[in-house]
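**Q** If you scroll down you'll find the structure; I have some questions about it.
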Amino acid sequence: MKITFVVFILLTSFLFAQDKPFGSIIGQLIDGTTNQPLVGANVVVIEQSNIGAITDSDGNFTIKKIAVGEYSVRATLVGYKIAILTNIVVSTGRSSKIKIRMNDEAVEVGGVEVKADYFSSEGSISSISTIGLNAAEVKRSPGSALDMQRIVQNLPSVANSNDQSNELIVRGGAPDENLTIMDHIEIPTTNHFPNQFNSGGPINMVNVDLIEDIRFSTGGFPANFGDKLSSVMDISLREGDKERTIAGEATAHFAGTGAVFEGGFADQKGTWIFSARQSFLETLDKIVGISSLGITAIPKYYDMQGKATYEFSPTQKIIVSGIYGSDVILINGKPDEENDQKRFAKDSTGVENVDVKTSQFAVGATLRSLFGSNGYSLFTVYMLGNHYDVNVTEDFTYREYDANGKVMSFKKLLSNPMYVNDATERLLGAKYDLLYHIFNFHELSIGGQLVTTDKFVNNVSFNSDTLRFDLNRDGDFTDPFPTDIAQSTFTNGRIHNSLEFGEEFKLGGYISDKFLLTNQLSATVGMRYDYFTYSQKGNWSPRLSLSYELFPVTTKMNFAYGEYYQTLALPQYGDNLGGTTNRYLDNSHARHFVVGIEHILDEGLKATVEAYYKSYDHIAVSEEFINSVDKTFRSDKRLSVGERTSRGIELFIQQKQVEGFYGTFSLSYSKSVTKDPRENISGLPSINVGNYASDYDFPFLLTLVAGKTVNNVRATLNGSPFYIKYPSYLLPLSDDMEFSFRFRYSSGRPYTPRLFTAYIQRREGTITWSKGVWEDGAEINSARYPDYHRLDVQWINRWHNEGYNIVMIVALQNVYNRANVAGYQYVTDGTRNTIYQFSFFPVVGASVEF
């Protein structure tokens with residue numbers, strides 16, 4: 001296989017060493033606010049100023065006969081700011097499709113140099129704490145493994161717990177506080193192997209080849225968005241190539257092995273695009289076998305994604321989008337161990353096996369109606385579904401060690417089911433959004449949403465610990481106990497936590513007005529209301545943002561305030577008896593204050609400094625944790641008493657691609673603390689009563705991303721002397737290459753130190769008692785894992801030929817093999833093992849476009 005790959009690269013290097021073929025750019029210009037097509041705009045290729053086009057009555061344009069490579073285009077229209085879109089890759093075989101949003105010029109600026117707007121083409125959620133990424137920026141990001149959630153981790157104050165998950169921890173918020181919208185459909189999770197309490201996962205289902213652009217807000221977002229506390233990710237999928245009956249791309253890289261097909265129909269009134277993939281590791285397993293991969297479990301996942309559009313008229317279009325994923329993994333634990341302190345020893349231990357099967361889907365249709373320069377409306381209906389089937393068993397195993405302390409034989413004595421989660425969730429939703437210009441300078445947004453739980457069943461069962469206590473700590477577990485303790489052994493047996501209900505509704509509505517107070521000062525004022533029928537809780541959420549132009553065109557100061565509420569994850573409303581113990585929990589609440597300043601430093605170069613403060617309350621907290629001083633206290637009740645604060649300051653510098661160079665630099669310092677809800681802890685030793693570091697506290701975050709395009713390398717070598725030219729064919733070099741890197745540093749994640757306690761013992765396999773148990777210490781999150789840092793590099797190579805293109809990606813993750821700690825494994829014999837994150841990991845991927 002390796003020889004075949006080398007021969008393939010050599011052949012392609014030779015075959016594609018020829019004059020550059022040509023491609024085309026097809027695009028549309030729209031108003032950044034109303035989505036109205038912009039007619040008569042001039043679009044010019046910056047690198048070849050003699051090539052361009054004029055937009056037609058539908059805002060469309062076509063630039064033909066342009067040599068393959070990477071370009072930027074400039075769009076100009078009277079009454080609008082000059083807009084520039086970078087990173088446009090022109091290939092043969094299919095056209096490069098783009099969409100540019102232009103913002104109107106609010107005031108005439110006399111005597112001021114007019115600068116082009118590099119940052120409006122992807123659109124915006126808010127005037128503050130928002131970044132836009134175009135399709136090329138999404139696909140090229142080093143270290144992201146072509147995962148859109150890992151890409152936005154490059155932004156300031158966006159952390160993640162470890163490499164194994166793409167979860168987003170935004171400004172001290174929990175991973176389930178992030179709203180994801182794809183083509184107007186609100187989706188709980190877009191990840192493979194998801195869970196019900198987290199928007200993250202090991203890898204994303206969304207194929208980045210289908211993404212048109214992403215808008216991401218880290219706070220202070222307007223009233224249009226509800227039921228989430230921390231962030232909004234708004235994803236637009238691109239349309240298929242309407243000028244081709246069928247075009248395609250076959251891919252094999254870290255995100256999966258599969259294909260994308262696209263085309264047009266109905267005389268170019270309709271478009272379609274479809275993607276299907278399976279896990280890359282599963283593909284390798286089929287080729288080289290699982291033993292050759294050196295891992296014990298292969299994650300198997302499949303996903304399909306598609307979009308179709310049809311224009312009824314120039315002002316009305318229907319958009320249908322959908323995504324589906326299916327995931328399977330079986331992890332069989334092994335009793336193997338090598339410990340020189342266990343020479344000739346005999347012991348017994350529990351070996352855990354995990355069997356996970358999940359599936360999820362989302363499908364919806366949107367009718368978009370344009371009202372010219374006045375505005376637009378969106379009416380969306382959609383359906384969401386998730387199924388979780390998780391089974392964890394424990395094999396109680398007898399082991400014998402040899403003279404080197406290595407397990408030489410083992411025997412399974414007993415197998416017990418430890419945890420079972422069988423859950424099905426299906427939601428139906430409808431939403432309506434209207435944006436309309438009234439009077440002269442008012443931009444009114446109004447909308448509503450209705451979501452119904454068509455089906456929700458959540459059944460969880462697990463074996464609770466059977467414990468025995470030696471409270472006077474004399475080594476005798478049969479001693480008489482104090483009169484207020486009935487027994488020395490506590491057995492809860494098998495615990496069931498279930499929740500099931502039929503039609504319950506989430507209702508939401510908002511109104512928002514954006515207007516000019518002066519020529520330099522704009523404001524957005526909004527109000528939102530959300531209500532959940534099951535918990536019978538509803539909340540009003542006022543929102544306000546201000547933007548003041550300190551210096552025309554170049555410098556703005558922004559401010560945002562908002563109240564945000566979020567219903568709990570549905571399983572949190574359940575209890576062990578299937579009753580209503582937790583039914584009427586309050587919605588979690590967060591209050592945002594954000595202030596910032598942004599300044600255009602140079603062409604495509606912008607710096608932003610922001611400070612924020614977030615206060616949380618009414619967070620659901622386990623009553624068992626509140627009373628955790630009492631080791632024998634058991635309860636499945638939750639109380640809405642949790643409080644948390646998060647504050648920080650951020651610096652973000654973004655360089656759009658200019659003269660082949662691009663990059664970002666983000667630096668943030670923050671502090672996130674939780675108010676200690678525990679009772680009766682003031683008398684415990686070494687306890688600082690009051691606050692402790694929250695689970696989401698990462699004080700320092702630094703990320704540097706930089707890249708450079710390199711052109712005409714192959715052509716230059718072909719013109720070199722023969723002793724340089726022919727040896728160079730040993731290297732897969734093309735005329736269109738790109739080199740990039742990412743360096744990331746993060747403070748260590750906080751954790752609660754554990755203590756091994758011999759006076760409490762756990763029944764293992766219903767056969768024997770453990771030597772003790774590991775208990776969380778009294779000082780919550782008083783320790784931190786070692787600081788995290790790693791370097792990723794990436795090389796993208798493109799070969800263009802008549803009718804098709806080949807793209808190769810070589811990515812080296814964690815180049816210097818930093819041993820970043822993911823966590824610790826606590827063994828019942830009192831030892832602790834360190835679990836590490838991804839080590840050095842090279843990835844080679846390729847795609848063929850046709």
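**Q** Within the P(r) computed for the chain, what percentage of the Cα pairs occupies the region above 49 Å?
**A** Working: 84246 of 360825 pairs.
Pairs farther apart than 49 Å: 23 percent.
**Q** Can I ask one more? Over the stretch 722-782, what relative contact order in percent results from Cα pairs under 8 Å that are six or more residues apart? Provide the component values of the computation, followed by the final result.
**A** On the way: 51 pairs, mean separation 18.9, N = 61.
Relative contact order here is 31 percent.
**Q** Okay, next question. Taking the full set of protein chains and a 1.4 angstrom probe, give the accessible area of Arg790 in square angstrom, rounded to the nearest 10.
**A** Using a 1.4 Å probe on the heavy atoms, I get roughly 10 Å².
**Q** Using only the alpha-carbon atoms, how far is helix 2-15 inclined from the longest principal axis of the chain? Give it as 0 to 90 degrees, nearest 10.
**A** In the chain, helix 2-15 runs at an angle near 10 degrees to the longest axis.
**Q** Let me ask you something else. Could you state the principal axis extents of the C-alpha atoms in the stretch 562-619, from the largest down, to the nearest angstrom?
**A** Cα spread of the stretch 562-619 along its principal axes, largest to smallest: 63, 20, 12 Å.
**Q** Still on this structure, I have one more. Using Cα pairs closer than 8 Å and at least 6 residues apart in sequence, work out the relative contact order for the chain, in percent. Write down the numbers at each step before the final one.
**A** Values: 2369 pairs, mean separation 87.4, N = 850.
After rounding, I find 10 percent.
**Q** For the stretch 135-194, calculate the relative contact order in percent as a whole number, restricting contacts to Cα pairs under 8 Å that are 6 or more residues apart. Let's see the in-between values first.
**A** On the way: 47 pairs, mean separation 9.8, N = 60.
Worked out over the stretch 135-194, it gives 16 percent.
**Q** Structure shown: which of Lys139/Lys708; Lys139/Lys431; Lys269/Lys431; Lys307/Lys431 lie over 22 Å apart, alpha-carbon to alpha-carbon? Mind showing how you got there, number by number?
**A** Working: Lys139/Lys708 15 Å; Lys139/Lys431 30 Å; Lys269/Lys431 25 Å; Lys307/Lys431 19 Å.
The pairs that break the limit, which is 22 Å between Cα atoms, are Lys139/Lys431; Lys269/Lys431.
**Q** Express in nm, to one decimal, how much length is gained between Glu352 and Ser720 on full extension, taking 0.36 nm for each residue of separation and deducting their alpha carbon distance.
**A** Working: separation 368, 0.36 × 368 = 132.48 nm, distance 6.15 nm.
Value of the extension gain: 126.3 nm.
**Q** Tell me which lysines have Cα within less than 16 Å of Lys771's Cα, excluding those fewer than 8 residues away on the same chain?
**A** In chain and number order, the partners are Lys342, Lys346.
**Q** Taking Rh as the Kirkwood radius, which is the inverse of the mean 1/r over Cα pairs, what is the Rg/Rh value for the stretch 338-474? Don't skip to the answer; put the middle values down first.
**A** On the way: Rg = 29.0 Å, Rh = 21.2 Å.
Result: Rg/Rh = 1.37.
**Q** Please give every one of the lysines within straight-line cross-link reach of Lys675, meaning a C-alpha to C-alpha distance under 26 Å, and leave out same-chain neighbours fewer than 8 residues apart.
**A** List returned: Lys228, Lys537, Lys614, Lys631, Lys637.
**Q** Quick check: with the 1.4 Å probe, what order do Arg798, Arg818 take by accessible area, largest first?
**A** Details: Arg798 30, Arg818 65 Å².
From most accessible down to least: Arg818, Arg798.
**Q** Which distance in nm do the two modelled labels at Ile318 and Asn391 give, with both placed 7 Å along the Cα-to-Cβ direction?
**A** 4.3
**Q** Related question: For Lys725, which lysines qualify as cross-link partners when the Cα separation must be under 23 Å and same-chain residues fewer than eight apart are set aside?
**A** Once the sequence-local lysines are set aside, what remains near Lys725 is Lys20.
**Q** Packing-wise, with mean Cβ within 10 Å as the measure, how do 213-220, 259-266 rank, highest first?
**A** Numbers: 213-220: 25.0, 259-266: 17.6.
In decreasing order of mean packing, 213-220, 259-266 become 213-220, 259-266.
**Q** So what's the convex hull volume per residue for the Cα atoms of the stretch 210-264, in Å³?
**A** Spelled out: Cα convex hull of the stretch 210-264, divided by residues, is 125 Å³.
**Q** Computing the accessible area with a 1.4 Å probe over protein heavy atoms, can you report the carbon and sulfur percentage for the chain?
**A** Numbers: 20790 of 36610 Å².
On the chain, the fraction of accessible area on carbon and sulfur atoms equals 57 percent.
**Q** Leaving out ligands and nucleic acids, and using a 1.4 Å probe, what accessible area per residue does the stretch 547-704 come to in Å²?
**A** Normalised by residue count, the accessible surface of the stretch 547-704 is 45 Å².
**Q** Taking the highest mean first, how do the peptides 696-705, 723-732 order by number of other beta carbon atoms within 10 angstrom per residue?
**A** On the way: 696-705: 20.7, 723-732: 13.6.
Highest to lowest by the protection proxy: 696-705, 723-732.
**Q** Can you tell me which of 421-430, 369-378 comes out highest on packing, and rank the rest after it, using the mean Cβ neighbours within 10 Å?
**A** Working: 421-430: 17.7, 369-378: 16.1.
Final packing ranking: 421-430, 369-378.
The values are calculated or read from the model by the stated rules, or taken from the named source; none is laboratory data. Everything numeric in this text was worked out from a predicted model, so none of it was measured. Here the Cβ is made from the backbone with ideal geometry for all residues, glycine too, and neighbour counts use every protein chain on show. SASA here: full protein model, heavy atoms, side chains in, ligands and nucleic acids out. Shrake-Rupley method; radii C 1.70, N 1.55, O 1.52, S 1.80 Å.
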